Amino acid sequence: MGSVITASVPLMEPPGWATAQRALFDLLDHAWRRFADDFTDSDGRLRYAGGLGSRDGADDFYEAFFNWPQLYLLGGHEDLLAQSERHWEGVTRQLTELGMLKDEYERGYDWFHQGESLLLFYFLCMAAPDRWKHRARRFADLYVDPRHGNYDPEHRIIRRPHNGSDPDRRGLFDGDAYPWLPQEARTYGFPLEWTVPDGADAPPLDRDPRLGDEMRRRIGSGDTAVNLAASGLVLNALMLTGDPRYRRWIAEYVDAWRDRATVHGGILPDNVAPDGTVGGLLDGRWYGGHYGWSWPHGWYSVGHAAMVAALAGAAATGDGSCLDLVRPALDEIISHGRIMTFMEADSSLRSKWTVQLREDVTTPTLHVPFRYADRGWFDYNPMLMAVPVALWHHSASAADRERLERLRSASGYDWRVVRPFRNKEEAGHEEPWFAFLTGDAPDYPERILAVAQAQVRHRLARMERYRGTDVPEADIHLWQQSNPVVTEALVQLTWGGPQVIYNGGLQQARVRYYDAVARRPGLPSSVAALVSCVDPEATVVDLVNLDPEGARSVIVQAGAFAEHSIHTVHHTMCENPTWIGGLYDYGHGEPVVTSAMVRVGGPWLGVELPRSTRIRLTLRLDLHSRPPSYRTPFDDPGTEETS
């Protein structure tokens with residue numbers, strides 16, 4: 001396993017962040033058990049007696065558990081992994097019975113929603129790679145193997161916006177018209193808005209060309225930018241198997257979209273006709289595809305899918321320029337930014353921002369356009385920070401950090417403020433986390449852990465209110481709205497990474513941990529961790545053993561997938577025991593803390609933590625110096641798969 005160091009600095013006064021972190025682990029263990037008792041049956045499925053009347057809904061069943069195995073990977077209770085696997089199996093059987101899945105996979109739906117569905121699966125693969133490898137390969141082959149009907153290697157496109165395991169599922173809806181509800185129409189508008197002449201009366205929804213034959217013909221076939229998230233599914237299989245077929249597919253598909261963006265001045269288009277031409281079905285428009293720039297979410301869907309693909313391309317090929325799939329579009333929307341209050345903006349995501357901004361909805365701040373149509377840029381919102389933070393975290397480049405600093409300077413609200421909310425992505429606190437990493441918010445760990453506690457307790461109250469509810473189809477979001485597992489704080493503080501990109505991303509992290517005695521991922525019991533800096537030259541990690549009696553053994557891994565190498569580690573030490581004082585001393589002295597340096601030269605570092613000790617590790621990392629994989633420090637180094 002390589003180098004092992006032993007902590008020797010005594011733990012005198014446990015830091016508040018350490019005790020709060022372990023208290024959060026304990027509360028989460030209670031909370032997920034309560035949710036399972038309240039809302040699931042013995043085989044893991046959700047208690048639901050209804051049907052599903054459209055193609056939508058599979059994601060809502062899986063999303064209720066998306067971060068449960070993530071919590072296990074962080075150090076959640078030992079039996080949480082088996083519980084998470086049981087829920088995936090139960091929900092998969094349930095959705096198959098409801099007609100949503102074929103061969104355990106989505107029959108055909110857009111990747112904005114498929115990406116959400118797959119987060120639970122990805123974390124299970126990460127937690128138990130041997131058990132999930134076969135499914136990962138089978139699911140990825142739906143796209144990599146053209147015989148399944150999803151991929152056209154000649155034109156380097158995924159053939160249709162709704163894709164999956166059922167090649168017979170065509171178009172975007174069953175029946176005569178897209179099931180667009182009046183409230184959704186008021187919020188997001190319509191696709192193909194230019195097909196109804198200006199000044200004409202709006203036709204009834206069931207006979208609206210924007211929702212019927214024109215929609216089916218123009219955006220129901222060909223590729224769309226949100227399909228880029230499928231690269232995450234293929235990367236997952238690559239890391240599990242090492243099969244070069246998956247690397248070649250990711251490179252080919254990501255490069256195809258990069259080429260299309262280059263032709264359009266670097267801005268990623270959102271649609272490709274079946275013959276490989278951008279805008280071929282939309283009278284030449286580079287915008288207007290399904291879940292693209294015009295409808296319904298714009299950057300919220302396009303940007304996140306492109307980020308998933310950019311990270312997958314960089315991980316699979318080692319080519320950091322894959323991130324340029326995202327940067328020009330991001331900088332373009334920033335260039336159109338305006339200073340205004342949120343109350344003045346034309347945002348279609350009002351329910352998201354009113355909670356996240358709270359009192360700052362009336363504070364002038366930078367808003368950027370999320371959508372583009374014939375009338376130009378529109379749908380102004382504050383910047384979602386998931387993409388720019390993911391770029392900076394992966395590249396560690398000065399330019400990507402400088403973009404974050406510019407966004408902060410243009411922000412009218414204080415990035416150090418930690419607001420109490422839990423959004424759908426279980427993210428949104430990137431700004432105060434970044435402020436902490438820059439040394440500007442030293443109390444962030446205690447504050448975000450307090451917010452996390454509050455959100456768990458809020459969810460427990462919501463669960464109590466809705467326990468025993470006969471859930472109607474219209475309210476199937478109840479489960480994800482009641483999921484009490486919160487992981488954003490633990491991901492940021494212990495792994496030094498942002499929360500996973502919700503629409504199909506794989507985890508980013510500077511470090512992860514294994515319990516060396518239990519031979520499982522995650523922090524051992526009574527151990528707390530804090531990453532306070534993620535610069536490659538100085539990734540700083542504090543480890544604390546709160547147990548007054550027992551020692552703990554931790555393995556620190558460089559990267560979420562052992563993709564980094566630890567060049568050297570400087571660590572604190574205390575070799576002088578005189579701080580204890582004499583038998584008749586009424587107090588103790590100050591421990592004399594010194595440091596030492598150890599060369600590591602690999603992805604793993606062992607740390608022995610005797611009872612009531614702490615250690616600070618300053619790791620010099622060689623970023624992205626190793627192929628990412630699901631290998632662990634317990635694997636035989638000679639057994640890595642290459643085919």
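The values are calculated or read from the model by the stated rules, or taken from the named source; none is laboratory data. Keep in mind that what you see is a predicted model, and the values were worked out from it rather than measured. For neighbour counting, all protein chains shown are included, and Cβ atoms are generated from backbone atoms with ideal geometry for every residue, glycine included.
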message: Can you confirm whether Ser347 is part of a loop (DSSP other than H, G, I, E, B), more than 18 Å from the chain's Cα centre (by Cα) and farther than 22 Å from Asn271 by Cβ?
response: yes
query: Does any residue of region 105-115 turn out to be among the hydrophobic types (A, V, I, L, M, F, W, C) and either farther than 30 Å from Ala177 by Cα or over 20 Å from the mean Cα position of the chain (by Cα) (or both)?
result: no
field: Every pair of residues 6+ apart whose Cβ atoms lie under 8 Å, when the first sits in region 382-393 and is in a helix (DSSP H, G or I) while the second is at pLDDT below 95 and not charged (D, E, K, R)
entry: none
task: Determine which member of the set Gly468, Gly504 is part of a loop (DSSP other than H, G, I, E, B), in contact with a Gly (Cβ under 7 Å, 6 or more places away or on another chain) and on the phi > 0 side of the Ramachandran plot.
output: Gly504
field: Number of positions in region 217-265 that are more than 17 Å from Asp152 (Cα to Cα), touching a Leu at 6+ places or on another chain (Cβ under 9 Å) and polar (S, T, N, Q)
entry: 1
statement: Considering region 270-301, residues that are without any contact (Cβ under 8 Å) to a residue 24 or more places away in the chain and among the β-branched types (Val, Ile, Thr), and then whichever is surrounded by the fewest Cβ atoms within 10 Å (Cβ to Cβ), we arrive at Thr277
message: Looking only at region 395-431, count every residue that is in contact with an Asp or Glu (Cβ under 8 Å, 6 or more places away or on another chain), in contact (Cβ under 8 Å) with a residue 60 or more places away in the chain and not in a loop (DSSP other than H, G, I, E, B) and tell me the total.
response: 1
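Which is on the phi > 0 side of the Ramachandran plot and in contact with a strand residue (DSSP E or B) (Cβ under 7 Å, 6 or more places away or on another chain), of Gly2, Gly44?
Gly2
Go through region 444-500 and give me each residue that's among the β-branched types (Val, Ile, Thr) and over 22 Å from Asp26 (Cα atoms).
Thr469, Val471, Ile476, Val500, listed by residue number.
Specify the residue that is nearest to Arg419 (Cα to Cα); the eligible residues are those in region 454-478 that are among the acidic types (Asp, Glu) and surrounded by 13 or more Cβ atoms within 10 Å (Cβ to Cβ).
Going residue by residue through region 454-478, those that are among the acidic types (Asp, Glu) are 464, 470, 473, 475.
Add one more test, that the residue is surrounded by 13 or more Cβ atoms within 10 Å (Cβ to Cβ), and what stays is 473, 475.
Working: Glu473: 32, Asp475: 27 Å.
This residue is Asp475.
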query: From Arg186, Arg131, Arg137, Arg218, which residue is part of a helix (DSSP H, G or I), over 28 Å from the mean Cα position of the chain (by Cα) and at pLDDT 95 or above?
result: Arg218
- request: Please specify each residue of region 153-170 satisfying the condition of being more than 18 Å from Tyr105 (Cα to Cα) and either in contact with a helix residue (DSSP H, G or I) (Cβ under 7 Å, 6 or more places away or on another chain) or buried (at least 22 other Cβ atoms within 10 Å of the Cβ) (or both).
  value: Pro153, Arg156, Ile157
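Given the criteria touching a residue at least 60 places away in the same chain (Cβ under 8 Å), β-branched (Val, Ile, Thr) and more than 17 Å from Pro146 (Cβ to Cβ), does Ile219 qualify?
Here the answer is yes, as Ile219 does meet what is asked.
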message: If Ile267 meets every condition in (1) over 22 Å from Arg107 (Cα atoms); (2) in contact (Cβ under 8 Å) with a residue 60 or more places away in the chain; (3) outside any helix (DSSP H, G or I); (4) in contact with a Gly (Cβ under 9 Å, 6 or more places away or on another chain) apart from one, which number is that one?
response: (4)
- line: Checked pairs for region 141-153, first under 11 Å from Pro167 (Cβ atoms), second of a type in the set (Asp, Glu) and part of a helix (DSSP H, G or I), C-beta under 7 Å and 6 or more apart or across chains, list as His148/Asp141
- request: Please work out which one of (1) buried (at least 23 other Cβ atoms within 10 Å of the Cβ); (2) touching a Ser or Thr at 6+ places or on another chain (Cβ under 7 Å); (3) not small (Gly, Ala, Ser) is the condition Thr187 fails and give its number.
  value: (1)
- prompt: How many residues, within region 507-530, are part of a strand (DSSP E or B), closer than 29 Å to Tyr62 by Cβ, hydrophobic (A, V, I, L, M, F, W, C) and out of contact with any Ser or Thr (no Cβ under 6 Å at 6 or more places or on another chain)?
  reply: 1
- request: Can you tell me which residue within region 443-453, out of those that are without any contact (Cβ under 8 Å) to a residue 40 or more places away in the chain and of a type in the set (D, E, K, R), is surrounded by the most Cβ atoms within 10 Å (Cβ to Cβ)?
  value: Arg447
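Within region 51-127, which helices (runs of 4 or more DSSP H) (wholly inside it) include 1 or more residues that are outside the structural domain of Arg631 (by TED's automatic domain parsing) and among the polar types (S, T, N, Q)?
68-74, 80-97, 111-127
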